[in-house]
Each structure stands twice: as structure tokens, then as C-alpha cells.
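Take a look at the structure set out below.
Nothing in this text is a laboratory measurement; each read-out follows from the coordinates by a stated rule. Just so you know, these numbers come straight off a predicted model, no measurement behind them. Heads up, the Cβs are rebuilt from the backbone with ideal geometry, glycines too, and the neighbour counts pull from every protein chain shown.
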Amino acid sequence: MEHITRTVTPDEDGLTVRRYLRGRLHFSARAVSRLTRAETGIMVNGERAFTIRVLRAGDILQVETGDHKAPKKPLIPGNWPLPILWEDEHLLILDKPAGMTSHASNFDPDAPNVGGALAYQRGGNFVFHPVNRLDRGTSGVMVVAKSGYIHDRLRRMLHGRAFLREYRAICTGRPNPPNGVINSPIGRDERSIVARMVRPDGVEAVTAYETLTVSDAGNLSLVRLCPGTGRTHQLRVHMAHMGCALLGDWLYGVETPLIARPALHSYKLALRHPVTDERLELTAPLPDDMRRVAEQYFNTGGNQHADMAGDVPL
């Protein structure tokens, strides 16, 4: 069982366990209640403790962070390749291939999915907590928490400066202006059961974009996209709304023989580890299908312009 260990500092002397868990470690009230029912959920100096206990400087507090019950729907393991970029006892960061869903689909239960691939790698009891879920057609960096506690911490960080996401996309046309911020609300497209659209009564959606390079003919652009919110299909909808639908986006643009999916890749992710406070920055190079288009139209080799915008500070 995963856990967090902390030594109580002099300025924390006198805090109750409850106040420490809620204020210092940011456990939810429900999580604290769950910990009190677990025999080794909360330990102080090697002994079981309850939330009313007063902590003293030098006390060793150990708190379980793992899930205390099995998931309602067990994962079905599948032998699908899934590169892991970074991992510790609390979370893992992977490079999701295009064509793989985050969860198993009721409509296509045998389709490759991240949860099933991890269950195959780690065993069927692996508890799957995806943080930044990627569409089936989107490739790239994705974070998975190993417990409900870590998932809740990362979910709260997801759209702030402690958790930044950067995408690469190939879009049709030439963004005008070449750099900017799209702040256009997104809601359901009532003509479709899956599509979204920009509409005045939608939910706030913000995307920063930067044009990295344009093809000689001006008909394709390689762009950097940084979402400030996380709406369904947000990047695809925003680019289509400005007249530059993603290449290969059959839902918001047109199909093309150049690529069999929307040309969208989760390129870089930077975050503060919710337990260690370590700064993590992981990148995933353009996959083969997008790299081939980049080489043909931009003469970049897929990566020449990858870091033109520089690192994203935390």
C-alpha cells in the first residue's frame, strides 16, 4: 500500500491529525473519514492514530494513499504496447499511441485502451486513475495516478500553473493572427451526439496558440497549443472555429490521405509532483504519422521547431 511519511516540524506542533491531513496534505473530508476506518490508515510513531490526536514536533506521521477497495469494474488486461516515460509509487507518465482510448469502450470492448494495457503490465488489480485524458485519436504524454488521493490532488492542479500541457498540431490553412489566445465558450452541437461547437451559452474554454512554421504553399501550419481549460474536443473545436481545422479531423474538418486521425499530439507536460514537490517535465516526440507530414511539408524532420517557444516555467 502506497503511503506518505512526514516528520512534524516545530511550526506544526499542536496541530491535530485532522488539521494536518486537511491543511498540509490536502486530503478531502471523505478521504480522511476513509483513513480512520483503515487499521493502518493513519500511523504516528508506528502506532495507529485517530484524527483528534495532537501532533508534536518530531512525530513521524505515516498516511496511506492507496485505494482501500477494489474498483467497481475491473480492468480487462490487453497486450498493447504502452511506453512509460516516468514512474514512481504515486503516479506514472506515459506516451499514449494514437488509436488507443483511455478507458475500455462499451461499444468496442476489444479496442486497445490505456487501462487494459496497464492492467496487462501491472496485473489485473491495478487501479486506473487517468488525470489528463486524451481522445482516441490524440497521441502523446498522459498522466495516470495510482490512487484516488493522488488523482484528486492532480485534478485540482490540472488547469493551473503547477500543471501545464503543451500540444503540437498540424492544421489546415494559416492562423490569423499567427499567435494569440482563443477565448470562446464551447457547448454541445445539437446536430450531433458527439460533436461540440463554439456557442455563446457554452462553458468557458481558453486556448493559447503559436504558429511555429507554415508550409511553402501556405495551406498547412505546425502550431503549438496550450489549453487553459479542459473541455471535450477543445483544441479541435477552437482551431476549426478560427478556420484552421486540424489536418485529418473528420469531425470538424475533412478527411485526408495524409493522416488517418486528427493531427494532434500531447507533446510536453510540466507539473509539480503532488507529494515530493519535484518539478517534472516530460516530452514525447512527434509520432511517425505526424512526423512524415512535417518532413514532407515543413522540412523539419518533425522536431526542428519543437522548442521554438522555449520551456514553460512553473
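Counting beta carbons within 10 Å around each of I170, I93 and listing the fewest first gives the order I93, I170.
State which stretch of the chain is the longest one without any exposed trypsin sites (Lys or Arg not before Pro), exposure meaning a DSSP loop state and at most 10 other Cβ atoms within 10 Å. It works out to 192-314. Spin-label model, S192/E295: points 7 Å from Cα along the beta carbon direction are separated by 3.2 nm. Using the Cβ-Cβ distance between I60 and N176 with R0 = 45 Å, the FRET efficiency computed as 1/(1 + (r/R0)^6) comes to roughly 0.15. The rule of thumb for compact globular proteins, 2.2 N^0.38 Å, goes into the C-alpha radius of gyration of the chain 1.13 times.
Calculate the length of the line joining the C-alpha centroid of the range 17-83 to that of the range 116-166, in whole Å. Each part reduced to its Cα centre gives a spacing of 19 Å. Oblate is the label for the range 161-297, because a/c, from the alpha-carbon gyration tensor with a ≥ b ≥ c as root eigenvalues, is 1.5 or above and a/b does not exceed b/c.
Only lysine pairs 8 or more places apart or on separate chains count here, and in the chain those with Cα atoms under 21 Å apart total 6. Along the axis of the charge dipole computed for the range 161-297 (Cβ charges of +1 for Lys and Arg, -1 for Asp and Glu, origin at the Cα centre), the listed residues G218, H241, I259 are led at the positive end by H241. Result for the chain in a Gaussian network model with C-alpha springs under 10 Å: among G58, G243, G78, the largest mean-square fluctuation is at G58. A Förster radius of 25 Å, combined with the Cβ-Cβ distance separating N45 from L85, puts the computed FRET efficiency at roughly 0.10. Ignoring chymotrypsin sites (Phe, Trp or Tyr not before Pro) that are buried or in helix or strand per DSSP, and keeping those with at most 15 other beta carbon atoms within 10 Å, what is the longest stretch of the chain between them? Counting at most 15 other Cβ atoms within 10 Å as exposed, the longest clean stretch of the chain is 108-249.
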